[in-house]
Amino acid sequence: MVPLRSRKHSLFKRLFINFCMTALAFTANTAIVQPAAQFVMQWTKQQSLGLIHIVKLPAAIESAIAFLLMDLTFYYWHQANHRFPFLWRFHNVHHIDPDLDVSTGFRFHFVEIILSAGFRVLQVALIGVSVETYIIYELVFQVNTLFHHSNVRLPLGVERLLNVILVTPRMHGIHHSQVEDETNSNFSVVFPWWDRLHQTLQLNAFQSEIDIGVPAYSSFDDNKLQHILIIPFQKQRDYWHTRDHTLVVRGGRVH
């Protein structure tokens with residue numbers, strides 16, 4: 001496989017760190033988020049609450065609508081993690097990975113996962129999604145998360161075709177750029193349509209020009225495991241300037 005972007009850091013050191021972060025995130029998800037979501041789904045079903053239970057439609061149509069609404073609400077949650085400073089403190093841990101590959105896809109601070117429990121409860125309660133549709137969406141969500149975080153160079157024509165219906169590696173690679181305007185774009189998870197709808201889509205950056213990460217947290221020390229875990233609890237730096245106060249912009253840097 002031909003890589004989409006050149007690697008900057010040691011692969012094995014990154015994999016160890018990302019594995020540890022993934023293990024903590026997985027534990028939080030399994031112990032808190034999923035049980036909470038499952039409980040609320042059962043409750044809304046018993047009480048006939050949620051949009052799907054209010055609007056009576058054929059089962060297949062209900063499932064399709066619920067699937068789309070799950071993806072749309074994840075777009076909003078992802079955007080919220082960028083827009084609200086408290087949430088960004090934790091989501092920043094995902095973005096400061098200096099390289100982007102499938103291991104980044106599950107590299108999240110465990111506190112971000114715990115905080116997402118509130119969103120997941122509200123999400124499934126308002127939608128009224130069935131357990132079956134929820135499981136199907138979760139599987140698609142996880143598979144496409146791995147896909148669009150991957151560092152695989154697909155033929156441009158193939159990727160453009162896929163990008164009509166799916167978030168792809170090139171599209172999501174722009175979201176992990178050190179340029180602030182590019183990071184604050186391409187929030188979709190499965191379907192790219194939500195970025196088109198909300199005018200947050202960017203596809204005009206060459207992958208060879210994209211520097212992955214967050215400028216203020218781009219040193220080797222910042223990506224040591226012990227530092228990653230405590231970064232959200234420390235005073236935050238000016239994210240989009242390097243340690244020497246250089247602003248990263250498309251096409252160069254501005255002092």
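The values are calculated or read from the model by the stated rules, or taken from the named source; none is laboratory data. Treat the numbers as computed from the prediction; the structure is a model and nothing was measured. A quick note on method: Cβ atoms are made from the backbone with ideal geometry, for glycine too, and the neighbour counts reach across all protein chains shown.
Points to keep in mind about this one:
- Checked against the criteria, MET21 counts as surrounded by 20 or more Cβ atoms within 10 Å (Cβ to Cβ), within 21 Å of ASN151 (Cβ to Cβ) and not charged (D, E, K, R).
- Residues of segment 106-131 satisfying the condition of being more than 20 Å from ALA31 (Cα to Cα) and in a helix (DSSP H, G or I): LEU126, ILE127
- The sole residue among THR183, THR200 that is touching a residue at least 40 places away in the same chain (Cβ under 8 Å), over 18 Å from ARG89 (Cβ atoms) and of a type outside the set (Gly, Ala, Ser) is THR200.
- Any helices (runs of 4 or more DSSP H) falling wholly within segment 1-95 and containing at least 3 residues that are in contact with a helix residue (DSSP H, G or I) (Cβ under 8 Å, 6 or more places away or on another chain) and under 29 Å from SER177 (Cβ atoms): 11-28, 59-83, 85-95
- Applying the set (1) modelled with pLDDT under 95; (2) buried (at least 19 other Cβ atoms within 10 Å of the Cβ); (3) of a type in the set (Ser, Thr, Tyr) to TYR75 leaves exactly one unmet item: (1).
- A Cβ distance below 8 Å, combined with a sequence gap of six or more or placement on separate chains, defines the contacts here; from segment 12-26, residues that are within 16 Å of HIS227 (Cα to Cα) reach residues that are surrounded by fewer than 17 Cβ atoms within 10 Å (Cβ to Cβ) in the pairs PHE16/LEU225; ILE17/LYS224; ILE17/LEU225; CYS20/LEU225; MET21/LEU225.
- Check on LEU146, touching a helix residue (DSSP H, G or I) at 6+ places or on another chain (Cβ under 8 Å) and surrounded by fewer than 18 Cβ atoms within 10 Å (Cβ to Cβ): yes
- Pairs meeting the criteria (first residue in segment 118-131 and touching a residue at least 12 places away in the same chain (Cβ under 8 Å), second residue part of a loop (DSSP other than H, G, I, E, B) and surrounded by 17 or more Cβ atoms within 10 Å (Cβ to Cβ), beta carbons under 7 Å, at least 6 apart or on different chains) are ALA125/GLY50; LEU126/GLY50; ILE127/GLY50; GLY128/GLY50.
- Selection within segment 114-130 - among the β-branched types (Val, Ile, Thr) and either at pLDDT below 95 or crowded, with 21+ Cβ neighbours inside 10 Å (or both): VAL124, ILE127, VAL129
- Single unsatisfied condition, HIS148 versus (1) under 12 Å from the mean Cα position of the chain (by Cα); (2) free of Cβ contacts under 8 Å to residues at least 24 places away in the same chain: (2)
- Any hit, segment 178-188, residues being within 29 Å of VAL2 (Cα to Cα), modelled with pLDDT of 95 or more and of a type in the set (Phe, Trp, Tyr): yes
- Among the conditions (1) surrounded by fewer than 18 Cβ atoms within 10 Å (Cβ to Cβ); (2) in contact (Cβ under 8 Å) with a residue 24 or more places away in the chain; (3) polar (S, T, N, Q), ASN163 misses just one, which is (1).
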